[in-house]
Amino acid sequence: QVQLVESGGGLVQPGGSLRLSCVASGSIFSISSMAWYRQVPGKERELVARIIGSGPTAYADSVKGRFTISRDKNTVSLQMNSLKSEDTAVYYCNAVAFTPHPRDYWGQGTQVTVSS
């Protein structure tokens, strides 16, 4: 089992920055990749960024050049710069772990609101 706890959401003005963090506990050695997703009411949850191990990364086109995902041991972070109103969403931390079969684990979500 893997437990994920997010922090760092809040209210920020357009053009501002926020940093989200997610701490994993439990069977962290079984984690193969970690990611951030986001969801707004009435829409499907969408992938924002993913990191495999501590290396290769992938980003949604809408956040490329503005967001950076990184991982240090059991913590994955999302640095969000040049925020736009359309970035407003609940952000969820995700981990894919082999426990023993590949399975998705989710955090509880943290609200990010970009508004003046």
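The values are calculated or read from the model by the stated rules, or taken from the named source; none is laboratory data. Just so you know, these numbers come straight off a predicted model, no measurement behind them. Cβ sites come from the backbone with ideal geometry, for glycine too, and all protein chains shown count toward neighbours. Ligands, DNA and RNA are stripped out before the accessible areas are found, and what is left, the full protein with its side chains, is counted by its heavy atoms. Shrake-Rupley method; radii C 1.70, N 1.55, O 1.52, S 1.80 Å.
Worth pointing out:
- Selection from Gly9, Gly55, Ala24 lying farthest towards where the dipole of the chain points positive, charges on Cβ: Gly55
- A Förster distance of 25 Å, applied to the separation of the beta-carbon atoms of Ser70 and Thr113, puts the FRET efficiency at 0.60.
- Note that region 100-116 has calculated 3J(HN,Hα) couplings of x, 8, x, 8, 8, 10, 10, x, 7, x, 9, 7, 10, 10, 10, 7, 8 Hz, one per residue in order, obtained from phi through the Karplus relation 6.51 cos²θ - 1.76 cosθ + 1.60 (θ = phi - 60°); glycine and proline are x.
- Counting protein heavy atoms only, the chain has 53 percent of its accessible area on carbon and sulfur, 1.4 angstrom probe.
- Taking all protein chains together and a 1.4 Å probe, the residues Glu6, Glu86, Glu44 rank Glu44, Glu86, Glu6 from largest to smallest accessible area.
- Label zone of Leu47 (point 7 Å out along Cα→Cβ, amide N under 15 Å): in region 66-83 this covers 69.
- Excluding ligands, DNA and RNA, the accessible surface per residue across the chain is 52 Å² with a 1.4 Å probe.
- Over region 21-116: Kirkwood hydrodynamic radius from C-alpha pairwise inverse distances, Å: 13.7 Å
- Largest accessible area first, the listed residues Phe67, Phe29, Phe98 line up as Phe29, Phe98, Phe67 when surface is computed with a 1.4 Å probe on the assembled protein chains.
- Sequence-distant residues sharing a close amide H with Ser33 (under 5 Å, placed H): Gly53, Val96
- Region 81-116 and region 45-64 have their alpha-carbon centroids 11 Å apart.
- Computing FRET efficiency as 1/(1 + (r/R0)^6) for Leu11 and Asp61, where r is the C-beta to C-beta distance and R0 is 22 Å, gives about 0.30.
- Phi to ³J(HN,Hα) by Karplus 6.51 cos²θ - 1.76 cosθ + 1.60 over region 86-96, Hz, x for Gly, Pro: 6, 7, 4, 4, 8, 9, 10, 7, 10, 9, 9
- A simple rule links phi to the HN-Hα coupling: the Karplus curve 6.51 cos²θ - 1.76 cosθ + 1.60 with θ = phi - 60°, which for region 45-59 gives 5, 10, 6, 9, 7, 9, 10, 9, x, 10, x, x, 10, 9, 10 Hz, with x for Gly and Pro.
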